[in-house]
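**Student:** Structure in structure tokens, see below.
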Amino acid sequence: MIVVTGATGQLGRLVVQQLLEKIPASQIVAVVRDAGKAADLAARGVSVRVADYNQPATVEAALAGVEKVLLVSGTELGKRVAQHTTVVEAAKKQGAKLLAYTSIPHADTTPLKLAAEHRETEKVIRASGVPFTFLRNGWYTENYTGRLPPALAQGAIFGATKGATIGVAARADYAAAAVTVLTGSGHENRAYELTGDGDFTLPAYAAEISRLTGKTVVHTEVSPEALEQALVAAGLPAPFAAIMADCDVGISQGALTDPSGDLTRLIARPVTPWRETLAAAIKALH
Ligand SMILES: NC(=O)c1ccc[n+]([C@@H]2O[C@H](COP(=O)([O-])OP(=O)(O)OC[C@H]3O[C@@H](n4cnc5c(N)ncnc54)[C@H](OP(=O)(O)O)[C@@H]3O)[C@@H](O)[C@H]2O)c1
């Protein structure tokens with residue numbers, strides 16, 4: 001039995017959908033906070049179990065009988081190590097044969113502040129003795145295409161990346177890698193550096209938006225401090241804005257690229273070109 005947490009999230013939902021193409025629904029458990037959001041999965045025969053990372057008893061019940069589990073990292077910054085530990089302990093108690101965890105590229109060495117909780121979680125997982133796979137996911141292309149309306153309204157993409165390459169891939173690509181690991185063998189105790197291998201940079205992205213929409217969008221390089229202030233002004237909580245600005249500094253130093261080719265190898269096809277994801281996002285605006 002394969003358990004997927006965060007199954008009503010954007011990544012988890014794609015994982016469950018792709019699992020359904022490979023294995024019977026009766027072998028899939030979707031762990032969710034709100035069963036109402038998973039009605040479509042239940043209708044397809046997936047077992048839906050309700051749990052909250054903050055409530056260990058619910059997590060333990062949700063992982064009953066688990067063989068392999070995909071722990072989709074949580075969203076509450078500062079709480080995540082405790083939350084993830086709860087899932088790791090439940091997986092250990094159940095004698096899980098594999099725990100796959102959505103981490104961040106080079107979690108053990110990267111300077112990104114955002115990586116701290118991933119690094120700690122990886123340590124907890126290693127110490128647990130449960131066989132693991134670290135899916136060190138790079139940025140989703142959708143992190144950018146999801147913010148098209150403000151970019152078009154402002155006619156600008158602001159960043160502090162110094163125009164460096166960002167190894168983006170579509171969420172569906174990362175989901176496919178997770179499915180390969182969950183349904184395959186030989187992935188125990190491995191860390192995969194999952195990044196796209198394309199030519200995505202913020203200047204190239206702005207130019208492509210302009211080309212596809214006919215509306216001029218310029219890339220504007222700003223200092224990390226200015227970016228942080230702009231994010232706060234746009235409504236982001238100050239600690240999160242600081243972490244996001246720090247990510248751009250890391251990106252400028254190549255933190256979100258990797259030459260391993262792990263992603264294309266795991267999904268056995270090229271990564272979805274970012275221009276394709278962008279074109280679809282623009283089409284969806286109309
Ligand atoms: N690689 C990247 O570019 C990138 C970007 C953003 C985030 N991330 C990380 O990758 C994860 C997956 O990305 P995503 O796009 O699928 O994010 P998402 O759409 O926000 O999904 C997050 C999932 O985590 C679940 N969750 C959050 N807190 C929980 C809790 N206390 N107990 C149980 N479940 C909880 C959510 O449940 P509900 O469905 O009930 O809300 C949701 O299903 C994120 O959670 C984050 O850690 C990565």
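The values are calculated or read from the model by the stated rules, or taken from the named source; none is laboratory data. What you are looking at is a predicted structure, and each value in this text was computed from that prediction instead of being measured. Cβ sites come from the backbone with ideal geometry, for glycine too, and all protein chains shown count toward neighbours. Ligands, DNA and RNA are stripped out before the accessible areas are found, and what is left, the full protein with its side chains, is counted by its heavy atoms. Shrake-Rupley method; radii C 1.70, N 1.55, O 1.52, S 1.80 Å.
**Student:** How much length is gained if the chain between T183 and A207 is pulled fully straight, taking 0.36 nm per residue apart and subtracting their Cα-Cα distance, in nm to one decimal?
**Tutor:** Working: separation 24, 0.36 × 24 = 8.64 nm, distance 3.94 nm.
Stretched out fully, the T183 to A207 stretch lengthens by 4.7 nm.
**Student:** Taking the alpha-carbon centroid of each part, what is the distance from segment 34-89 to segment 4-22 in angstrom?
**Tutor:** One Cα centre to the other: 12 Å.
**Student:** On full extension of the chain, what length is gained from A43 through L77, given 0.36 nm per residue of separation minus the C-alpha to C-alpha distance? Display every interim value, and only then the final one.
**Tutor:** On the way: separation 34, 0.36 × 34 = 12.24 nm, distance 3.27 nm.
Separation in residues times 0.36 nm, less the Cα-Cα distance, equals 9.0 nm.
**Student:** Just need the Rg to Rh number for the chain, please, alpha carbons only, Kirkwood Rh.
**Tutor:** Numbers: Rg = 19.1 Å, Rh = 19.6 Å.
Radius of gyration over Kirkwood radius for the chain works out to 0.97.
**Student:** Probe radius 1.4 Å, ligands and nucleic acids ignored: give me the carbon and sulfur share of the accessible area of the chain as a rounded percent.
**Tutor:** Values: 6880 of 12490 Å².
Whole-percent figure for carbon plus sulfur exposure: 55.
**Student:** For the chain, what is the accessible area per residue in Å² when the probe is 1.4 Å? Let's see the in-between values first.
**Tutor:** On the way: 12490 Å² over 286 residues.
So the chain comes to 44 Å² accessible per residue, rounded to a whole number.
**Student:** Once a ≥ b ≥ c are taken as the square roots of the eigenvalues of the Cα gyration tensor of segment 226-286, is the result rounded (a/c under 1.5), prolate (a/b larger than b/c) or oblate (a/b not larger than b/c)? Write down the numbers at each step before the final one.
**Tutor:** Values: a/c = 3.30, a/b = 1.42, b/c = 2.33.
Taking the square roots of the gyration eigenvalues as a ≥ b ≥ c, segment 226-286 is oblate.
**Student:** Of S185, S223, S26, which has the largest mean-square fluctuation in a 10 Å C-alpha GNM of the chain?
**Tutor:** S185
**Student:** Let me ask something else. Using a Cα-Cα cut-off of under 18 Å, which lysines could be cross-linked to K113, ignoring same-chain neighbours fewer than 8 residues away?
**Tutor:** K79, K123
**Student:** Continuing with the same structure: Not counting ligands, DNA or RNA, and with a 1.4 Å probe, what is R126's accessible surface area in Å² rounded to the nearest 10?
**Tutor:** It works out to around 130 Å².
**Student:** What's the magnitude of the charge dipole for segment 109-214 around its Cα centre, counting Lys and Arg as +1 and Asp and Glu as -1 at the beta-carbon? Answer in Debye, nearest 20.
**Tutor:** Numbers: 10 positive and 10 negative charges, 48 e Å.
The dipole magnitude comes to about 240 debye.
**Student:** Further question on the same structure: Which angle between 0 and 90 degrees, to the nearest 10, do you get for helix 224-233 versus the longest principal axis of the chain when only C-alpha atoms count?
**Tutor:** For helix 224-233, the angle is close to 80 degrees.
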